[in-house]
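The values are calculated or read from the model by the stated rules, or taken from the named source; none is laboratory data. Fair warning: this is a prediction, and the values are worked out from it, not measured in the lab. Heads up, the Cβs are rebuilt from the backbone with ideal geometry, glycines too, and the neighbour counts pull from every protein chain shown. What goes into the accessible areas is simple: the full protein's heavy atoms, side chains included, and nothing from ligands, DNA or RNA. Shrake-Rupley method; radii C 1.70, N 1.55, O 1.52, S 1.80 Å.
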Amino acid sequence: MSLPNLSQRSRPASTATTATSYRLPDRKELGYQPFEYWKGPKRVLPQPIKKPNSTGTVTKIEEIRLPNSSGYTSRSTAQQHQSDVVHTYPIEKVRPDTSLHPALAGSTNMGWEQAHNANGGQAGPTPFQVRDANGRVEFMSEPPSYDNQELPPRSNMSRYVGVQPWYRRKRTWVISAVVIVIAIIVAVVAGVLVSKANRYPDYTKLNYSIQDTYSGENFFDQFDYFTGFDPAQGFVHYVPKEQAQQLNLTHATANSAVMKVDTSVGPGSTPDASTGRFSVRVSSKKQYNSGLFIFDIKHTPFGCGTWPALWLVDENEWPKSGEIDIMEAVNKADKGNQMTLHTTDNCEMSVKRKMTGSVLQKDCFNETNSNAGCGVQGSDASYGANYNTAGGGIMAMEWRNEGIRMWQFGRSSIPADITSKKPDPSTWGIAAADFPNTDCDMGTHFRNQSIIANIDLCGQLTNAVYAESGCPSNCTDFVANNPEAFKDAFWEFGAFDVYKAS
C-alpha cells in the first residue's frame with residue numbers, strides 16, 4: 001500500500017525479494033499508562049510483525065530508532081547506512097476515550113497543535129523511523145484517523161469537562177467554604193433577628209394580694225417631703241411638710257388627697273417668686289421591686305409652665321435603679337399622658353409590643369435623645385382638662401419580670417375586679433403602654449423604687465417645648481408674675497393600692 005507523509009529522501013532500488021510489514025503500535029505498546037498522560041509518550045520501540053513476502057522469506061530489521069524533537073537520538077542513521085533509505089511516519093494522535101484520565105476524556109483536542117517543546121519544535125507524539133536493508137517497508141494497516149473513530153457519548157464526555165488542576169481545585173474549595181460560612185452566619189443572624197422581632201414574653205396570670213394602701217386623712221403621712229431646689233432645674237421651691245400644710249399646698253380627707261402649686265405669691269409679695277414658685281414633691285417611705293400599682297386619679301395638674309408627674313424612682317440611685325413615669329405632661333397638657341422608662345444602657349424597646357399608645361422613642365438609655373427615655377403617648381383625653389372633666393379614672397401599672405405594662409381606665413369604665421380589690425390584669429385587654437423584657441432585663445434596670453408625685457415648674461422638659469406650646473412670654477417670667485395661672489395646677493388622688501404577687 002502507499003505510505004502517506006513519507007520522507008522525500010530517495011531510496012536506491014533494493015535487490016531484496018522479501019519485505020517486512022509493520023503494524024502501528026497501540027497506546028499501551030508506546031508506554032501510555034492510566035494517569036500518566038502528563039509525562040508524555042515513552043520511547044518504546046515498536047515491535048515489528050515479520051510477514052513473509054511473496055517469496056516466503058523474511059527480511060531482517062537492522063535498526064529501529066526514535067528521534068527526539070531535534071533529530072536522531074544518536075548520530076544520523078543516514079550517515080551510518082548511506083545505501084539505505086529512512087522512512088518517517090508520525091504516530092497518529094488518537095482521540096481519548098472515557099477510559100482515560102477524566103482530564104482527557106472530555107476533550108478531542110490534546111493541545112499538541114499549539115504546544116511547543118523546549119527546542120522550539122512542535123510538541124506531541126514522537127514519530128518513529130524505520131530503516132530496512134532488504135526490501136520495502138509495509139504497515140499492517142493505515143494509521144487511525146479522527147474520522148474513523150466513534151466519539152464517546154456526550155453524556156460521558158461532559159462528566160469531566162472543565163476539570164481543574166489540584167491547586168485550582170483547592171482554591172475553589174477554600175472560596176466555596178468561605179461563601180458557605182458567610183451564608184451560614186447571615187442565616188443565623190437573620191434568624192436571631194427575626195426570632196427576636198417575633199419574641200414576646202408570656203404574661204401568665206398572677207394572683208395578687210393587697211400589700212399597701214395610701215388613702216384617707218393620713219395619706220401624706222406615708223410620704224417624705226422633698227425640699228430644696230429641683231434636681232431637674234425647675235423654677236420652683238419645694239417646701240417641707242409643715243410649710244406645705246401652712247400654705248395649704250397639701251391636705252387630705254377621708255376620700256381624697258390634694259397637692260398643688262402656690263397661687264398666693266405675686267410680683268409685689270415679700271418674698272416674691274422671682275427665684276421660683278412654691279410647690280410640693282413627695283416620695284413614699286417604702287420602696288418596691290415589683291408589684292401591681294393601682295392609682296385613683298381624680299384631677300391632673302396642667303397649665304403653662306407646669307411639669308407634673310406621677311412616677312417611681314430610687315432618688316439615691318438614679319439612673320442605675322431606673323425610673324418609671326406613669327403620668328406626665330407639660331404646659332397645657334393637650335397632647336395627652338406620657339408613659340416612659342428611663343434606664344442605664346442596654347434597655348431598648350425595638351421589639352414586639354402590644355399596646356394602644358403611640359411610640360415616641362425606643363431607647364430607654366438616659367444618655368440618648370437628651371434623656372427622653374422610651375416613651376409612649378396616650379390619647380389627647382388621657383390627661384389634662386378633658387381627663388379632669390370626665391372625672392379622671394384609674395391608672396394601673398404592673399411591674400414583673402416579664403415586663404412593665406400600664407392601663408388607663410376612665411371613671412365610667414373601671415374594671416370590677418379593681419373596685420373589689422381583686423385585680424386581674426389578664427382580663428384587662430391590651431395595655432396603653434407595653435415595655436416587655438425582650439431586650440431589657442427588668443431585674444437589672446429597676447429596683448428599690450419609691451412612689452413620687454410632684455408638680456415642677458419650667459425645668460428641662462417644659463423649657464424645651466415652651467415656645468411651641470402657645471404659652472406667653474418665657475417660662476420663668478410667666479411663672480414668677482402670674483400666680484393666678486396655676487389654679488388648675490394640682491393633683492387630687494383617691495387612693496393608691498399596691499399589690500404583690502402571691
Top-ranked residue of the range 359-387 - restricted to ones that are open to solvent by 30 Å² or more (accessible area, probe 1.4 Å) and assigned to a strand (DSSP E or B), ranked as nearest to residue 301 (Cα to Cα)
377
Residue list for the range 257-278, filter: within 25 Å of residue 215 (Cα to Cα), open to solvent by less than 20 Å² (accessible area, probe 1.4 Å) and either touching an Asp or Glu at 6+ places or on another chain (Cβ under 9 Å) or aromatic (Phe, Trp, Tyr) (or both):
257, 258, 259
Within the bounds of the range 454-465, is there any residue that is within 48 Å of the chain's Cα centre (by Cα), closer than 23 Å to residue 228 by Cβ, of a type in the set (Ser, Thr, Tyr) and surrounded by fewer than 22 Cβ atoms within 10 Å (Cβ to Cβ)?
no
Restricting the range 204-243 to residues that are of a type in the set (S, T, N, Q) and assigned to a strand (DSSP E or B), the residue that is surrounded by the fewest Cβ atoms within 10 Å (Cβ to Cβ)
209
Might you check whether a residue that is at pLDDT 95 or above, within 25 Å of residue 290 (Cα to Cα) and not hydroxyl-bearing (Ser, Thr, Tyr) occurs anywhere in the range 470-491?
yes
Pairs only if they're at least six apart or on different chains, beta carbon under 8 angstrom, first in the range 450-462 and at positive phi, second of a type in the set (S, T, N, Q) and assigned to a helix (DSSP H, G or I); list them, first residue then second.
458/476
Those residues that are surrounded by fewer than 17 Cβ atoms within 10 Å (Cβ to Cβ) and farther than 14 Å from residue 438 by Cβ, I need them from the range 333-353; list them, please.
334, 344, 345
Picked from the range 374-428 (must be within 29 Å of residue 443 (Cβ to Cβ) and acidic (Asp, Glu)), the residue nearest to the chain's Cα centre (by Cα) is 402
Show the residue pairs meeting these rules: Cβ distance below 9 Å; 6+ apart or different chains; first residue within the range 216-231 and free of Cβ contacts under 8 Å to residues at least 24 places away in the same chain; second residue in a strand (DSSP E or B) and surrounded by 14 or more Cβ atoms within 10 Å (Cβ to Cβ).
221/252; 227/237; 227/238; 227/281; 228/237; 228/238
Which condition number in (1) open to solvent by 40 Å² or more (accessible area, probe 1.4 Å); (2) free of Cβ contacts under 8 Å to residues at least 40 places away in the same chain is the one that residue 356 fails?
(2)
